[in-house]
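The values are calculated or read from the model by the stated rules, or taken from the named source; none is laboratory data. Bear in mind that the values here come from a model prediction, so they are computed numbers and not experimental data. In this analysis, Cβ positions are derived from the backbone assuming ideal geometry, glycine residues included, and neighbour counts consider all displayed protein chains. Accessible surface areas use protein heavy atoms only, side chains included; no ligands, DNA or RNA. Shrake-Rupley method; radii C 1.70, N 1.55, O 1.52, S 1.80 Å.
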Amino acid sequence: MARITAAAVLAAGALSMPAAALAFENPQVALKTTMGEIVLELDQEKAPKSTANFLQYVKSGFYKGTVFHRVISDFMIQAGGYTEKLVDKPGVRKPIPSESQNGLSNKPYTVAMARTANPNSATSQFFINTNDNAGLDYPGEDGHGYTVFGRVVKGFETVDKIKNVVVDDVRGMQNVPVVPVVIQNATLLSGDKLVK
């Protein structure tokens, strides 16, 4: 028996459905923080591995109680790895391969995967660009660049509030918010909660 593919189903339905209805919905995730809400729209077409990885952390509740631990006002705000006490959050999954050659750019209000010097080391940490950081795009200074996998679609004012917090050096870490900015919840949006 022939296997029916998603493409075949879409093609069959194309005759009766408006074109807009055929577009795949990009997943949206709401980050509820102590400074307000940020809604991210993920680009699963251009960054499928990074999107799937981020969604696994969201669905498992990993981001609840993590903080924005690195804030550089005219550069980016970084989160997703540490608790409020700046301890590594347990439950980090295996690293994922870089998707930095996907054509997406580190423009203001885009979200990208954080990593070590190894381009294929991204796990749970991510950052939101607060400036045009084209220097982080592939190939970047290190020959690899940083993978952009989505963008802010709501809560720009929250990003701006976070980027302007007072920071200091704490326990060997630089640019740590003096008053912790905590992610209280990260949820996958659906239905009428989606930002149009």
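Looking at the stretch 34-75, which GluC sites (Glu not before Pro) are DSSP coil and have at most 13 other C-beta atoms within 10 Å of their C-beta?
Counting only loop positions with at most 13 other Cβ atoms within 10 Å, the GluC sites (Glu not before Pro) in the stretch 34-75 are 45.
In debye, nearest 20, what is the charge dipole magnitude of the chain about its Cα centre with +1 on Lys and Arg Cβ and -1 on Asp and Glu Cβ, if you could check? Write down the numbers at each step before the final one.
Numbers: 20 positive and 18 negative charges, 135 e Å.
It comes to approximately 640 debye.
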Quiz item: Which value, in Å² and to the nearest 10, is the accessible area of residue 127 when all protein chains are kept and the probe is 1.4 Å?
Solution: 10 Å²
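Taking 30 Å as R0, compute the FRET efficiency from the Cβ-Cβ separation of residue 132 and residue 166 and round it to 0.05. Don't skip to the end; give the middle numbers.
On the way: r = 24 Å, r/R0 = 0.81.
Between residue 132 and residue 166 the formula returns 0.80.
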Quiz item: Can you work out D for the stretch 22-173 in µm² s⁻¹ from Stokes-Einstein, where Rh is the Kirkwood radius over C-alpha pairs, the temperature is 4 °C and the viscosity is 1.567 mPa s?
Solution: 83 µm²/s
Quiz item: Taking the stretch 20-73, how much of its Cα-Cα pair set, in percent, is spaced more than 18 angstrom apart?
Solution: 44 percent
Quiz prompt | GNM flexibility winner over the chain from 59, 107, 89 (Cα, springs under 10 Å) | solution = 59
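Taking R0 as 41 Å, what FRET efficiency do you get between residue 141 and residue 194 from their Cβ-Cβ distance, rounded to the nearest 0.05?
Values: r = 37 Å, r/R0 = 0.90.
For residue 141 and residue 194, the calculated efficiency is 0.65.
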Practice problem: Calculate, in nm to one decimal, what residue 75 and residue 37 gain on full extension: separation in residues at 0.36 nm each, minus their alpha carbon distance. | Solution: 11.7 nm
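On full extension of the chain, what length is gained from residue 157 through residue 93, given 0.36 nm per residue of separation minus the C-alpha to C-alpha distance? Mind showing how you got there, number by number?
On the way: separation 64, 0.36 × 64 = 23.04 nm, distance 3.10 nm.
Gain in length upon complete extension: 19.9 nm.
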Quiz item: Normalised by the residues of the chain, what does the relative contact order come to in percent, with Cα pairs under 8 Å and at least six apart?
Solution: 30 percent
Quiz item: Given labels modelled 7 Å from the Cα in the Cβ direction, how far is it in nm from residue 101 to residue 60?
Solution: 2.9 nm
Self-check item: the chain, accessible area per residue, ligands and nucleic acids excluded (1.4 Å, Å²)
Solution: 55 Å²
Practice problem: Using a 1.4 angstrom probe on heavy atoms only, work out the carbon and sulfur share of the accessible area of the chain in %. | Solution: 55 percent
Quiz item: Among 46, 32, 85, which one moves the most in a GNM of the chain with springs linking Cα atoms closer than 10 Å?
Solution: 85
